[in-house]
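*Asks:* After the structure tokens below, expect a handful of questions from me.
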Amino acid sequence: MAAFASSYLFLQLVLLISLFYFGSAARSLAETFDQTQQPILFQYHNGPLLTGKISINLIWYGKFKPSQRSIVSDFITSLSTSSQSTNQPSVATWWKSIEKYYHHSNAKKTSSLYLSLGNQILDESYSMGKSLSVGKHIKQLAAKGDQSNAINVVLTSSDVLIDGFCSSRCGTHGSSKSSFISGKSSKFAYIWVGNSETQCPGQCAWPFHQPIYGPQSPPLVAPNNDVGLDGMIINLASLLAGTVTNPFGNGFYQGPKEAPLEAASACPGVYGKGAYPGYAGDLLDDATTGASYNANGLNGKKYLLPALFDPSTSACSTLV
């Protein structure tokens with residue numbers, strides 16, 4: 001199945017700063033900040049959501065420092081309510097709001113979803129080169145992870161070129177046919193996120209980098225002191241939300257199936273209350289580093305996570 005273009009941060013910047021070309025889209029974004037306006041038309045298309053115990057396997061393609069890998073792995077582990085940070089608001093609290101989608105599905109019995117960190121695969125030798133396509137190479141890399149009850153996440157380093165990266169997307173999610181498991185072929189979900197640090201931080205790592213166009217407000221300090229990785233966390237968080245609620249293209253989304261706005265991408269550029277185009281919202285500040293964040297994770301990590309569309313209120317919901 002073709003990858004679904006989540007394109008979270010690219011859409012974010014299109015809506016935020018390309019106002020001349022996409023004025024109507026910007027007006028739709030502005031309406032999400034005023035709950036008295038027309039609610040977002042968000043629909044459930046009767047397809048399955050991911051349920052049960054799901055392992056998130058990480059496929060690292062290219063050079064990543066151990067400290068960079070820990071930023072992502074700690075984020076994944078922080079999603080579980082069983083390992084919830086004592087500091088609030090937490091990553092687990094953010095993720096728990098996804099449960100509302102399951103209550104709003106047509107399932108006769110509400111199913112539960114449990115995410116955990118699975119295997120990690122390192123490909124530091126660039127086994128497929130440094131110029132990859134999403135349709136071919138990313139799917140092949142994703143297939144290296146376990147394909148049963150799993151989401152396989154491919155993370156590409158800053159020196160890897162991906163078709164469409166920066167120009168039309170910062171990451172994608174989709175599904176692919178798995179190998180035969182217990183005599184049956186099924187589908188597995190995958191995600192790709194690229195490190196934009198050297199290629200397009202103004203597009204895919206905002207608000208931690210000055211935007212290429214539009215209002216030039218000062219960039220925020222990244223909570224883990226790594227603009228590229230903190231930008232990847234934003235994209236990964238958005239794509240995870242979209243993956244579990246619209247894994248096969250017939251779950252929850254707004255707009256055309258080929259370019260859906262999903263649980264997080266329906267709220268572009270919104271991270272805290274008071275957000276508006278070009279302003280991420282009122283966030284928490286780290287007293288020591290001056291970094292901006294809205295969620296606490298395990299091992300003292302802090303993250304900036306996108307607002308999630310709340311199907312109960314038809315509005316974008318933030319942690320702070």
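*Asks:* Check LEU117: other-chain or 5+ apart residues with amide H under 5 Å from its amide H, H built from backbone geometry?
*Replies:* Amide H to amide H, under 5 Å and 5 or more residues apart or across chains, LEU117 pairs with ILE56.
*Asks:* Oh, and also: Taking the solvent-accessible surface of protein heavy atoms with a 1.4 Å probe, what is the per residue accessible area of segment 167-320 in Å²?
*Replies:* Numbers: 5380 Å² over 154 residues.
With the other protein chains kept in place, segment 167-320 gives 35 Å² per residue.
*Asks:* Treating the Cα atoms of segment 43-317 as identical point scatterers in vacuum, please give the log10 of the normalised Debye intensity I(q)/I(0) at q = 0.07, 0.16 Å⁻¹, two decimals.
*Replies:* -0.23, -1.35
*Asks:* Right, another one. Starting from one equal scatterer on each C-alpha and no solvent at all, send me the Debye-based log10 I(q)/I(0) for segment 145-252 at q = 0.19, 0.23 Å⁻¹, two decimals.
*Replies:* Normalising to I(0) and taking log10 leaves -0.96, -1.19.
*Asks:* Moving to a separate point now. At a 1.4 Å probe radius, which order do CYS316, CYS267 fall into by accessible area, largest first? Intermediate values should be presented prior to the final figure.
*Replies:* Working: CYS316 25, CYS267 0 Å².
I get CYS316, CYS267, largest accessible area first.
*Asks:* Among 232-241, 296-305, what's the highest-first ranking by average C-beta atoms within 10 angstrom per residue?
*Replies:* Answer by packing, highest mean first, reads 232-241, 296-305.
The values are calculated or read from the model by the stated rules, or taken from the named source; none is laboratory data. The model shown is predicted, which means the values in this text are computed figures rather than measured ones. Here the Cβ is made from the backbone with ideal geometry for all residues, glycine too, and neighbour counts use every protein chain on show. Quick note on the areas: whole protein, heavy atoms, side chains included, nothing else; ligands and nucleic acids left out. Shrake-Rupley method; radii C 1.70, N 1.55, O 1.52, S 1.80 Å.
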